1. Give me the number: length gained by fully extending T66 to D80, i.e. 0.36 nm times residue separation minus the C-alpha to C-alpha distance, one decimal in nm.
2. Kindly write out, for the range 38-55 in residue order, the coupling ³J(HN,Hα) from the Karplus curve 6.51 cos²θ - 1.76 cosθ + 1.60 (θ = phi - 60°), rounded to whole Hz, with x marking Gly and Pro.
3. Full extension from W110 to F54: what is 0.36 nm times the residue separation minus their Cα-Cα distance, to one decimal in nm?
4. Extent of the range 28-123 along each principal axis, from alpha carbon coordinates, in Å, largest to smallest?
5. Grab the other residues whose beta carbon is less than 13 angstrom from that of Q116, score K and R as +1, D and E as -1, and report the net.
6. Extending each Cα 7 Å along its Cβ direction at K30 and M101, get the distance between those two points in nm, one decimal.
7. Of the listed peptides 101-107, 42-48, what is their order by residue-averaged count of other C-beta atoms within 10 Å, with the highest listed first?
8. Using the crude model of +1 on Lys and Arg Cβ and -1 on Asp and Glu Cβ, and no other charge, please compute the dipole size for the range 65-109 relative to its Cα centre, in debye to 20.
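No value in this document is a laboratory result; all are computed from the given coordinates. None of these values were measured; they are calculated from a predicted model. Heads up, the Cβs are rebuilt from the backbone with ideal geometry, glycines too, and the neighbour counts pull from every protein chain shown.
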Amino acid sequence: MAQFSNITNTTVVINQPAVVAGIKLLHGTKDGSRDWTTGLCGCFENICSLCGAFWCLPCVLCSLSTRLGDCLCMPFCIPDALVAMRTRTRTLGDIRGTICMDCVATAFCWPCVVCQMDRELTAMGL
């Protein structure tokens, strides 16, 4: 039998994202890694989304909802759905911000929020 007298115990720490059943749980960062591609008041950067939000808001909301992976009628069935949609857009794109900021933006400038989400989803390819 060989004796190994020079062996020492070593602890190796591997920092990996949490994985449950083979699924990576955290895809982005908690605080977001980037800003919106366009500002909140950049409505004139995409005239089509501006016109849609101005003349046919229900159509744009239904489109945004389906592009985010939700039901077509979700914006009309869920209270404060626009806040949830903006937060979902931020998390999908790993965009900096907070739910509180989402609430303030949708409360005071919801047409701009709708246009910004439309531009952002288009930039993300959704």
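1. 3.4 nm
2. For the range 38-55, the Karplus-derived couplings read 10, x, 4, 9, x, 4, 7, 6, 9, 5, 4, 5, 5, 5, x, 5, 7, 9 Hz, x marking Gly and Pro.
3. Values: separation 56, 0.36 × 56 = 20.16 nm, distance 1.12 nm.
Result for the pair: 19.0 nm of gain on full extension.
4. Extents along the principal axes, in whole Å: 35, 29, 23.
5. Around Q116, the surrounding residues sum to -2.
6. Reported label-point gap for K30 and M101 is 1.6 nm.
7. So the order, starting with the most tightly packed, is 101-107, 42-48.
8. Numbers: 5 positive and 4 negative charges, 24 e Å.
Result for the range 65-109 is approximately 120 debye, rounded to the nearest 20.
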